Amino acid sequence: MSPGPLRKDYDLVIVGAGVLGLFTAHHLAQKMDPRRILVVDRGFLSYGASGRNGGGVRQQWETLPTVRLAKESVAAYRRFPVEFGFNPWFRQGGYLFLAFSTQEEEALRRVHATVRQEGLPIEWLSVPEVLQEVPALDPERLVGGSCLRSDGVIFPFPVLWGLYRSLRRAGVEVLTRTEVVGIDRAGGRVSGVRTSAGAVQVRSVVNAAGGWSRDISALAGLSTVNAPTRHEIMATEPLKAFLGPMIVTLRKGLYFSQSMRGEVIGGINLPHPKGGAGSMPSSLEFLREYARELTTLVPRLSSVRVLRSWAGFYDDTPDGLPIIGEDPRLHGFVHANGFGGHGFMLAPAAGPRVARTVLGERTDLDPALFSPSRFLTEGGPRTVEGIQLG
Ligand SMILES: Cc1cc2nc3c(=O)[nH]c(=O)nc-3n(C[C@H](O)[C@H](O)[C@H](O)COP(=O)(O)OP(=O)(O)OC[C@H]3O[C@@H](n4cnc5c(N)ncnc54)[C@H](O)[C@@H]3O)c2cc1C
């Protein structure tokens, strides 16, 4: 356990030192006294999904506002090494979505129309063009692919380290191994946070607890729709470079890329029971299903050895979009959660908007798409982002 907070009162506590909490703290520290910000995490810096993800950063989305956020994130990650002094090896090798049926092609062509509106040079590749891009693919039943070459893959850890070091230098307190165990309210607003290392008075709380965000909301007496789902991922032994883009298939939710070290890293969507974000075991079922699908698509990988596999939690919402904004039921309680499998690629753009919300400033986020209130009306919203992959 940490020695505890330095002060008795802060302007705000950010719960969760993952990529969302740290980007939010970074933007707040530019606009207010950094010593008034406390970031608390019960684990270590990369304990949550931010240290367990595939590092995919794509701008191919179904809605224009999300394309815009992702485009802003890409620009931010390109600046990251210069801005933070850490190189997260952001490799813009593209994202190649493969279609194996006309329905899948139609779904991807709808994404095309949206992405093109934002002026991004997305391409539709015929089967021979896909094979020219990735000769190792087996083209059986393939009908084409959607490729955006400025999408890419990032190494998550240096992003967290860079943000952490910058926050510490600015004077923001980041307590790890410290659990938030209670949130106090008085007169309809947040008034304090109790942690395993002591209590503090605050005016705001940012819930950036990823797969555990539902529990943090519950500590403040708020029920939310967030559902943690366990997802597994795997790395092979390093191979000579053979794969430029991140490959994604809609049919099974398979995704894989090749890291700068040569490992093939990827996962697959399996039907998982939703529920509390408890332990994060790896399973044989995942290895079997992922290996089967991967080697069907890239037969030459069938003799490759598995180096390691691990698991983490998506924080899913019913419409596939994150929740960003103050909770209308509790003044000062700000959500920065529900990012599903996309928090790493959206965090650089979400962080400044969460920060503005905390400071009571307006943001350009459409409340119908991103605000917590969208789930408080009867029926709630329909699915907006259906492609919940990498
Ligand atoms: C296998 C896998 C692959 C993924 N692939 C991608 C990808 O390719 N691209 C992409 O953009 N996204 C991907 N994601 C999703 C992405 O990793 C997450 O959306 C993102 O990291 C969420 O960041 P966060 O800061 O909200 O949460 P987290 O990183 O989970 O951080 C939340 C933190 O809250 C802390 N916490 C919880 N409860 C408490 C408490 N009571 N007190 C104090 N602290 C607490 C936890 O310890 C944790 O560190 C993937 C996720 C997984 C699991």
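The values are calculated or read from the model by the stated rules, or taken from the named source; none is laboratory data. Bear in mind the structure is a predicted one, so any value in this text is a computation, not a measurement. Note: ideal-geometry Cβ built from the backbone for every residue, glycine included; neighbour counts use all protein chains shown. For the accessible areas, the whole protein counts, side chains as well, though only heavy atoms, and no ligand, DNA or RNA atoms are used. Shrake-Rupley method; radii C 1.70, N 1.55, O 1.52, S 1.80 Å.
Could you grab the relative contact order for segment 242-327? Cα pairs under 8 Å, six or more apart, rounded to a whole percent.
19 percent.
Put a dot 7 Å past each Cα toward the Cβ at S302 and T102; how far apart are the dots in nm?
With each label point 7 Å from Cα toward Cβ, the separation is 3.2 nm.
Give me the one-decimal nm value for the distance between modelled label points at R7 and Q30, 7 Å along each residue's Cα-to-Cβ direction.
2.1 nm
I'd like to verify something in the chain: which complete DSSP H helices, judged by Cα projection on the helix axis, reach 27 Å or more and average at least -0.5 on the Kyte-Doolittle scale?
The qualifying helices are 64-84.
Post the alpha-carbon centroid distance, segment 50-101 to segment 139-194, in whole angstrom.
Measuring centre to centre over Cα atoms gives 14 Å.
Need the full-extension length gain, R109 to F242, defined as separation in residues times 0.36 nm minus the C-alpha distance. One decimal, nm.
Separation in residues times 0.36 nm, less the Cα-Cα distance, equals 45.2 nm.
Between A218, A209, A227, which gets the highest mean-square fluctuation from a Gaussian network model of the chain, Cα cutoff 10 Å?
So, out of A218, A209, A227, the one fluctuating most is A218.
Restricting to Cα pairs below 8 Å that are 6+ residues apart, what does the relative contact order work out to for segment 124-233? Please round to a whole percent. Intermediate values should be presented prior to the final figure.
Working: 96 pairs, mean separation 14.5, N = 110.
About 13 percent, as a whole number.
Taking R0 as 35 Å, what FRET efficiency do you get between R194 and S282 from their Cβ-Cβ distance, rounded to the nearest 0.05? Don't skip to the end; give the middle numbers.
Numbers: r = 34 Å, r/R0 = 0.97.
FRET efficiency, R194 to S282: 0.55.
Quick one: pull the percent of accessible area on the chain belonging to carbon and sulfur, 1.4 Å probe, ligands and nucleic acids left out.
52 percent
May I ask you to derive the FRET efficiency for D364 and V181 from their Cβ-Cβ distance with R0 = 41 Å, giving the value to the nearest 0.05?
Plugging the Cβ-Cβ distance into 1/(1 + (r/R0)^6) gives 0.70.
Antiparallel versus total DSSP beta bridges in the chain: what percent is that, nearest 5?
Taking every DSSP beta bridge within the chain, about 70 percent pair in antiparallel fashion.
Would you mind computing, in nm to one decimal, how far apart the modelled labels at S126 and L270 are, each placed 7 Å from Cα along Cα→Cβ?
Placing both labels 7 Å along Cα→Cβ, they lie 3.9 nm apart.
Which residue, G211, G171, G360, tops the fluctuation ranking in a GNM of the chain built on C-alpha contacts under 10 Å?
Result: G360 has the largest fluctuation of those listed.
Per residue, how many Å² of accessible area does the chain show with a 1.4 Å probe?
I get 41 Å² per residue for this part.
Under the definition of Cα pairs under 8 Å and six or more residues apart, what whole-number percent is the relative contact order of the chain?
Result for the chain is 23 percent.
Evaluate the charge dipole of the chain about its Cα centre and quote only its size in Debye, nearest 20, assuming +1 on the Cβ of each Lys and Arg and -1 on the Cβ of each Asp and Glu.
1000 debye
Work from the charge dipole of segment 225-296 (Cβ charges, +1 for Lys and Arg, -1 for Asp and Glu, about the Cα centre) and give the residue of G267, T249, T236 farthest towards its positive end.
T249
Can you give the FRET efficiency to the nearest 0.05 for F44 and A75, using r as the Cβ-Cβ distance and R₀ = 25 Å?
According to the calculation, E is roughly 0.30.
Using the per-residue mean of other Cβ atoms lying within 10 Å as a proxy for protection, in what order, highest first, do the peptides 242-250, 71-79 fall?
So the order, starting with the most tightly packed, is 242-250, 71-79.
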